[in-house]
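Visitor: My questions will all concern the structure given below.
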Amino acid sequence: MQNNGLCIAPLNGLFSAQCKIKPKDMTDSTGSNAKKTFPQLVKQWVPVALLITAFVAFFASGLYEMLTLDELARRYGDLDAFIGRNFWGAVLGAIAIYILVTAASLPAATLLSIAIGLMFGWALGATIIVIGATLGASILFLVARSLLRDFFSKKAGDKLNIMAAGFRDDAVSYMLFLRLAAIFPFFVVNFVPAILGVRFFTFFWTTAIGIIPGTIAYAFAGEGLRSIVGDRAVACARNIAPCGQPLAPGDIITTEMLIAFILLALVSLMPVILKKMRKKVR
């Protein structure tokens, strides 16, 4: 469909070859070859610097060593006492750690979500996770938009532009589907929309809304581990069994975790349900 020289690909024609878009549609209005000013360079490279800093800080601080259930059990008492003494500092620290893990695409988000639910409860824990994950995803989105968008536009040419036009035409539906269904790795859904030219505000709010159901499920599962981890913490304080013994799968499957898994299953079906509801409305 042509409109004033612009090509708009309908939802069902996302990959249609009939829709022709010039490669320059994906480039900056200043042109990809234009010499960048200092503010433009700052805007481009500051997110990259933040991402590298986050990655280095995660491993340099030793945080990765704490992200095991056994280690959480050993440190549960100390962490709980720290939160009691420095509540808001602990909340802000948890948000910062989640931003770090998400922005650097570290394979620790699931266990970190459970740990935050364990330490803060499912309601506050889910709030912390949503804030941290949304901000961390936004950093990765900005990095991808700064460094990768022009590169892929040049390499893929019209094909990428056709796909991008279709995606942008119904970006809200696509983004909510990808977040709710969680069929692709989280980091993939963070940088692909940037390459396809999705507006930052659209990416931001659909990410924040779309991850809520799954986040609640993981935080709920974490809260369900409190009795188990609490017993471990007491045992470790007395230096008796089962302290130091690995947590078996049977130890961590609680009623709350089963409910959380059911919620995740329902979340994965939500896009299908929404699609059927849209058809009925039409």
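Visitor: What number of residues within the range 44-81 are of a type outside the set (D, E, K, R), modelled with pLDDT of 75 or more and under 14 Å from residue 118 (Cβ atoms)?
Guide: The number of residues fulfilling the criteria is 5.
Visitor: For the range 100-122, state whether one or more residues are at pLDDT 85 or above, more than 25 Å from the chain's Cα centre (by Cα) and assigned to a helix (DSSP H, G or I).
Guide: No, that holds for no residue.
Visitor: Separate question: Would you please name the residue that is nearest to residue 74 (Cα to Cα), looking only at residues in the range 224-236 that are of a type in the set (Gly, Ala, Ser) and part of a helix (DSSP H, G or I)? Show your work before the answer.
Guide: So the first thing to find is which residues in the range 224-236 are of a type in the set (Gly, Ala, Ser), and the list is 224, 227, 230, 233, 235.
Filter again for part of a helix (DSSP H, G or I), leaving 227, 230, 233, 235.
Numbers: 227: 14, 230: 9, 233: 6, 235: 9 Å.
Here the residue is 233.
Visitor: Moving on. Within the set of pairs 6+ apart or on separate chains, which have a first residue in the range 113-142 that is of a type in the set (Ser, Thr, Tyr), a second that is surrounded by 20 or more Cβ atoms within 10 Å (Cβ to Cβ) and modelled with pLDDT of 90 or more, and C-beta atoms under 6 Å apart?
Guide: That search, which allows pairs on different chains as well, returns 113/129; 134/207.
Visitor: Give me a count of the residues in the range 166-223 that are of a type in the set (Asp, Glu) and outside any loop (DSSP other than H, G, I, E, B). Talk me through it step by step, then tell me what you get.
Guide: Step one: list which residues in the range 166-223 are of a type in the set (Asp, Glu), which gives 169-170, 223.
With outside any loop (DSSP other than H, G, I, E, B) added as a condition, the list becomes 169, 223.
Residues that pass the stated criteria total 2.
Quick grid of which residues meet (1) modelled with pLDDT under 85; (2) touching a Gly at 6+ places or on another chain (Cβ under 6 Å); (3) surrounded by fewer than 21 Cβ atoms within 10 Å (Cβ to Cβ):
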| residue | (1), (2), (3) |
| --- | --- |
| 161 | yes, no, no |
| 177 | yes, no, yes |
| 188 | no, no, yes |
| 205 | no, no, yes |
| 208 | no, no, yes |
| 216 | no, no, no |
| 219 | no, yes, no |
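Visitor: Here's another thing I want to ask about it. Against the condition modelled with pLDDT under 80, farther than 30 Å from residue 134 by Cβ and loosely packed, with under 15 Cβ neighbours inside 10 Å, how does residue 282 come out, does it pass?
Guide: Numbers: modelled with pLDDT under 80: yes; farther than 30 Å from residue 134 by Cβ: yes; loosely packed, with under 15 Cβ neighbours inside 10 Å: yes.
It is true that residue 282 is modelled with pLDDT under 80, farther than 30 Å from residue 134 by Cβ and loosely packed, with under 15 Cβ neighbours inside 10 Å.
Visitor: Does the range 254-263 contain at least one residue that is modelled with pLDDT of 80 or more, under 21 Å from the mean Cα position of the chain (by Cα) and of a type in the set (A, V, I, L, M)? Give the derivation first.
Guide: Applying the first criterion (modelled with pLDDT of 80 or more) to the range 254-263 yields none.
Scanning the range 254-263, I find no residue that is modelled with pLDDT of 80 or more, under 21 Å from the mean Cα position of the chain (by Cα) and of a type in the set (A, V, I, L, M), so the answer is no.
The values are calculated or read from the model by the stated rules, or taken from the named source; none is laboratory data. Just so you know, these numbers come straight off a predicted model, no measurement behind them. Virtual Cβ from ideal backbone geometry, glycine too; neighbours counted across all protein chains shown.
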